[in-house]
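Structure first, commentary second.
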Amino acid sequence: QVQLVESGGGLVQAGGSLKLSCAASGIIFRVNAMIWYRQAPGKEREWVAGITSGGSANYADSVKGRFTISRDNAKNTVYLQMNSLKPEDTAVYYCNADLNTMNYWGKGTLVTVSS
């Protein structure tokens with residue numbers, strides 16, 4: 001069964017750091033772009049960062065300079081290093097990717113930033 005599983009969320013103080021991981025598992029022969037989204041309480045899901053299979057990365061303006069997306073193609077895993085965290089970064093973070101011929105979402109990991 002092909003799936004995406006996020007990990008690494010938790011509670012951190014403002015100014016702190018966390019690193020999220022998202023691993024694709026199952027029988028996988030192709031992974032295209034891998035993307036992080038987040039959804040804060042009472043808000044719509046928003047795009048955070050994406051990275052192509054070749055390693056080109058893009059970021060939302062709200063996280064540019066603080067977050068870094070990377071991937072390990074051998075492990076079918078994408079990471080999100082989050083530094084200088086702010087209370088407004090509090091959200092459930094979701095991983096999204098095109099695996100083989102279908103699009104998949106992970107179940108999310110909660111990040112809570114206290115002030």
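Within segment 39-53, restricting attention to residues that are open to solvent by 90 Å² or more (accessible area, probe 1.4 Å) and either of a type in the set (F, W, Y) or under 12 Å from Y94 (Cβ atoms) (or both), which residue is farthest from the chain's Cα centre (by Cα)?
Looking at the filtered set, the residue picked out is R45.
State which residue is nearest to the chain's Cα centre (by Cα) when the search covers only segment 11-27 and only residues that are exposed (fewer than 13 other Cβ atoms within 10 Å of the Cβ) and at pLDDT 95 or above.
So, considering only residues that are exposed (fewer than 13 other Cβ atoms within 10 Å of the Cβ) and at pLDDT 95 or above, the one nearest to the chain's Cα centre (by Cα) is S17.
Checking the structure you have, find out if any residue of segment 28-38 is among the charged types (D, E, K, R), modelled with pLDDT of 95 or more, in a loop (DSSP other than H, G, I, E, B) and surrounded by 13 or more Cβ atoms within 10 Å (Cβ to Cβ).
No, that holds for no residue.
Based on this model, can you work out whether A24 counts as part of a strand (DSSP E or B), under 25 Å from S115 (Cβ atoms) and of a type in the set (A, V, I, L, M, F, W, C)?
No.
Residues checked against (1) touching a strand residue (DSSP E or B) at 6+ places or on another chain (Cβ under 9 Å); (2) farther than 25 Å from S25 by Cα; (3) part of a loop (DSSP other than H, G, I, E, B); (4) among the hydrophobic types (A, V, I, L, M, F, W, C):
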| position | (1), (2), (3), (4) |
| --- | --- |
| A49 | yes, no, no, yes |
| G55 | yes, no, yes, no |
| S62 | yes, yes, yes, no |
| G65 | yes, yes, yes, no |
| T68 | yes, no, no, no |
| K75 | yes, no, yes, no |
| V78 | yes, no, no, yes |
| E88 | yes, yes, no, no |
| Y94 | yes, no, no, no |
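Which of the residues belonging to segment 106-115 are surrounded by fewer than 19 Cβ atoms within 10 Å (Cβ to Cβ) and either closer than 10 Å to M34 by Cα or β-branched (V, I, T) (or both)?
Scanning segment 106-115 gives a single hit, T112.
Quick check on my filter: what residues within segment 58-96 are open to solvent by less than 40 Å² (accessible area, probe 1.4 Å), hydrophobic (A, V, I, L, M, F, W, C) and without any contact (Cβ under 8 Å) to a residue 40 or more places away in the chain?
Residues satisfying the conditions are A60, V63, F67, I69.
Run down K64, K19, K75 and say which single residue is among the basic types (K, R) and closer than 17 Å to V92 by Cα.
Only one candidate passes the filter, namely K19.
Just to be sure I understand the filter: pairs with C-beta atoms under 7 Å, separated by 6 or more residues or on different chains, first member in segment 1-15 and more than 14 Å from N76 (Cβ to Cβ), second member of a type in the set (F, W, Y) and assigned to a strand (DSSP E or B). Which pairs pass?
From residues that are more than 14 Å from N76 (Cβ to Cβ), the pairs are G9/Y93.
For segment 10-21, give me each residue that is within 18 Å of A97 (Cβ to Cβ) and in a loop (DSSP other than H, G, I, E, B).
Selection gives nothing.
The values are calculated or read from the model by the stated rules, or taken from the named source; none is laboratory data. Since the model is a prediction, treat every value here as computed from it, not as a measurement. Note that each Cβ is placed from the backbone with ideal geometry, even for glycine, and that neighbours are counted across all protein chains shown. Keep in mind that these areas ignore ligands, DNA and RNA; they rest on the heavy atoms of the full protein, side chains included. Shrake-Rupley method; radii C 1.70, N 1.55, O 1.52, S 1.80 Å.
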